[in-house]
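Following: one structure in structure tokens, then a few remarks.
The values are calculated or read from the model by the stated rules, or taken from the named source; none is laboratory data. Just so you know, these numbers come straight off a predicted model, no measurement behind them. Neighbour counts run over all protein chains shown; Cβ positions are idealised from the backbone, glycine included. These accessible areas exclude ligands, DNA and RNA; they are computed on the full protein's heavy atoms, side chains included. Shrake-Rupley method; radii C 1.70, N 1.55, O 1.52, S 1.80 Å.
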Amino acid sequence: MLPNPLIAPPFFEIGPKAYLVGDDVVDLAVAADAAARRYDLDLIFTTPFSLIARVAAATQRLVVCAPHMDPLYPGRGLANILPEELKASGAKAVMLNHAERPITYAILERTIRRAEEVGLMTVVCASSLNEIRAVALLRPDVIVAEPTELIGTGTTSDLGYMEASTSAVREIDPSILVLQAAGISSGADVYRVMAAGADATGSSSGIAAAPDRAAMAEEMLLAARRGWDACHLLTAHS
């Protein structure tokens, strides 16, 4: 699989989920977009369906990502999420199999193929090492390695899990990018993960529930850049 032209390490993901609505989501997207441009980071912004078009129109550097879709084709399907509709609204990516919206492996495979057909980048969540290996066999663009039990807890994955999950993906397809997530609540968390060699990390409640969301996004994106640079500077001199 060739690298996706939309995104490259280091990158970050922000997903406000249902913590924010309306203008608050758009305002956060605009602030995060400015920080991403300032620190030269690609940024996936997982946007509520109803705001995809607004966020896409208001930003420059973001990869606007839908939080789910269904593997159907145009025609019948009232209330299903049509891939072509997401693309037409301005989405460039879709997140699949999040712990809050899990799908079966068979449906995941079909949905990844539909995303490929319409030109949407695929960002797929997985928890255990066995699940991560199984998802890697489907060749998504990005795997979010995220232990389900740590989501929203403020406790991050340990370095052993991060190393093992990244290695599991690399053994199957080195071109798949690995985002290490779960429990990211501060710039210090972001720095630790990126300095350990992750392609990316991300945050939902850590940013969306912060007293100053724009400031927290700024803090985390700066930490991502500094952590990545520190890791790769050490690698270059080793």
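I'd like the full set of residues that are more than 13 Å from the chain's Cα centre (by Cα) and surrounded by 14 or more Cβ atoms within 10 Å (Cβ to Cβ), limited to the stretch 9-23. Spell out how you get there, then give the answer.
In the first step, residues of the stretch 9-23 are kept if they are more than 13 Å from the chain's Cα centre (by Cα); the result is 18-23.
Hits for the stretch 9-23 are Y19, L20.
Select from the stretch 188-207 the residues that are open to solvent by 10 Å² or more (accessible area, probe 1.4 Å) and assigned to a helix (DSSP H, G or I) and list them in ascending order.
Result: A188, D189, Y191, R192, A195, S205, G206.
Taking the stated definitions as given, is P83 within 12 Å of the chain's Cα centre (by Cα) and crowded, with 21+ Cβ neighbours inside 10 Å? Outline the logic, then answer.
Values: within 12 Å of the chain's Cα centre (by Cα): no; crowded, with 21+ Cβ neighbours inside 10 Å: yes.
No; evaluated as a whole, the condition is false for this residue.
Quick check, is L96 more than 21 Å from Q180 (Cα to Cα), at pLDDT 95 or above and either open to solvent by less than 10 Å² (accessible area, probe 1.4 Å) or of a type in the set (A, V, I, L, M) (or both)? If you could, list the steps in order and put the result at the bottom.
Working: more than 21 Å from Q180 (Cα to Cα): no; at pLDDT 95 or above: yes; either open to solvent by less than 10 Å² (accessible area, probe 1.4 Å) or of a type in the set (A, V, I, L, M) (or both): yes.
Judged against the criteria, L96 is not a match.
Criterion first (farther than 25 Å from P5 by Cα, surrounded by fewer than 18 Cβ atoms within 10 Å (Cβ to Cβ) and not polar (S, T, N, Q)) does A53 satisfy it?
Working: farther than 25 Å from P5 by Cα: no; surrounded by fewer than 18 Cβ atoms within 10 Å (Cβ to Cβ): yes; not polar (S, T, N, Q): yes.
It is false that A53 is farther than 25 Å from P5 by Cα, surrounded by fewer than 18 Cβ atoms within 10 Å (Cβ to Cβ) and not polar (S, T, N, Q).
Among the residues of the stretch 177-191, which ones are farther than 12 Å from M220 by Cβ and free of Cβ contacts under 8 Å to residues at least 60 places away in the same chain?
V178, Q180, A182, G183
Please determine, by comparing only the residues of the stretch 163-179 that are of a type in the set (G, A, S) and over 11 Å from V144 (Cβ atoms), which one is least open to solvent (accessible area, probe 1.4 Å). Break it down stepwise before answering.
Pass one, the stretch 163-179, residues of a type in the set (G, A, S): 164-165, 167-168, 175.
Next, from what is left, pick out any that are over 11 Å from V144 (Cβ atoms): 164, 167-168, 175.
On the way: A164: 39, S167: 56, A168: 4, S175: 28 Å².
Filtering first and then ranking leaves A168.
Those residues that are open to solvent by 40 Å² or more (accessible area, probe 1.4 Å) and basic (K, R), I need them from the stretch 99-126; list them, please.
R101, R110, R113
Would you mind telling me which numbered condition in (1) closer than 21 Å to Y73 by Cα; (2) assigned to a strand (DSSP E or B); (3) of a type outside the set (D, E, K, R) P140 fails?
(2)
So which residues in the stretch 208-219 are open to solvent by less than 30 Å² (accessible area, probe 1.4 Å) and in contact (Cβ under 8 Å) with a residue 40 or more places away in the chain?
Step one: list which residues in the stretch 208-219 are open to solvent by less than 30 Å² (accessible area, probe 1.4 Å), which gives 208, 210, 217.
Residues satisfying the conditions are A208, A217.
Given the criterion open to solvent by less than 30 Å² (accessible area, probe 1.4 Å) and in contact (Cβ under 8 Å) with a residue 12 or more places away in the chain, identify the matching residue among L6, L41. If you could, list the steps in order and put the result at the bottom.
Numbers: L6 fails: open to solvent by less than 30 Å² (accessible area, probe 1.4 Å).
Going through L6, L41 in turn, the sole match is L41.
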